[in-house]
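Data block below; observations after.
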Amino acid sequence: MANDGSKRWEQQVRDAAARVEEDLRRVVAYINDEVVPEIRANGSQALRVAAGELQKLAERMDDHRRAAARGEHSPGPPDSGAPTPEGAPAPEGTPAPKGTPAPKKDRTQT
């Protein structure tokens, strides 16, 4: 009888392994057929957007350099134009908007 129980257990393990392999094949097919093309399409669009933003940055840097060459005072590096994520610190030297509380000091370090 112990041998019979062992055979049933082994068959259950084989059946489970076969189901897992089939599920894995379906997942791989889904990723290849659905996810990868979407990433490729959106990935190229993301690169186009990034290229446009880099072009704008290059133009602002050139403008800043030309202004400095003419002796015009520039307040600092050109602003990226990108919004600061909520809760993220503003770039150094940027005044906080009115009504913004002062940052809390970390009292754990003394």
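Just so you know, all these numbers are worked out from the coordinates, no wet-lab data involved. Being a predicted model, the structure only gives us computed values, none of them experimental. All Cβ positions, even for glycine, are placed from backbone atoms using ideal geometry, and neighbour counts span all protein chains on display.
What distance in nm lies between label points placed 7 Å from Cα along the C-beta direction at ARG70 and ALA50?
3.4 nm
What FRET efficiency comes out for the pair ASP15/ALA41, r = Cβ-Cβ distance, R0 = 41 Å, nearest 0.05?
Values: r = 39 Å, r/R0 = 0.95.
For R0 = 41 Å, the calculated efficiency reads 0.55.
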